[in-house]
Amino acid sequence: MLGDLNEDLLFLDDWITRSLAAVQGRLGEQELRKKIVALRAKTVANGCTPEEEAAACRAADKLEWRLGARLAAAAQ
């Protein structure tokens, strides 16, 4: 049972990674930077819950990492 759940989560993670890559491929660098700024603006002070703020921060970190990796690969 737990093994099946683990396998399902791994497949979901793979699907999310591929989907995000496809969407980011369609967005330009400037649009990704705007999205990162918008995610960073989601704070408790702006009306979000602490959980929403933490999730937005993680998402922004992941987008920044992927953008940096994509730009580094393009520079080579």
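The values are calculated or read from the model by the stated rules, or taken from the named source; none is laboratory data. Just so we're clear, the structure is a prediction, and the values are computed from it rather than from any experiment. Reconstructed Cβ throughout: ideal geometry from the backbone, glycine too, with neighbour counts over all protein chains shown.
Tabulated data for the structure shown
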{"quantity": "Long-range neighbours under 8 Å by Cβ, at least six apart or interchain, first residue free of Cβ contacts under 8 Å to residues at least 12 places away in the same chain within the stretch 16-45, second loosely packed, with under 11 Cβ neighbours inside 10 Å and assigned to a helix (DSSP H, G or I)", "calculated": "Val44/Pro50"}
{"quantity": "Selection count where residues are small (Gly, Ala, Ser) and either at pLDDT below 90 or touching a strand residue (DSSP E or B) at 6+ places or on another chain (Cβ under 8 Å) (or both), scope the stretch 22-69", "calculated": "5"}
{"quantity": "Cβ pairs under 7 Å, 6+ apart, first in the stretch 59-76 and more than 13 Å from Glu29 (Cβ to Cβ), second in a helix (DSSP H, G or I) and of a type outside the set (Asp, Glu)", "calculated": "Ala59/Leu39; Ala60/Ile36; Ala60/Leu39; Ala60/Arg40"}
{"quantity": "Residue tally, condition of a type outside the set (Lys, Arg) and not in a helix (DSSP H, G or I), over the stretch 25-48", "calculated": "6"}
{"quantity": "Selected residue [surrounded by fewer than 10 Cβ atoms within 10 Å (Cβ to Cβ), in a helix (DSSP H, G or I) and not hydrophobic (A, V, I, L, M, F, W, C)] from Glu7, Glu51", "calculated": "Glu51"}
{"quantity": "Members of the stretch 1-43 found to be touching an Asp or Glu at 6+ places or on another chain (Cβ under 7 Å) and more than 19 Å from Arg70 (Cβ to Cβ), listed by number", "calculated": "Lys42, Thr43"}
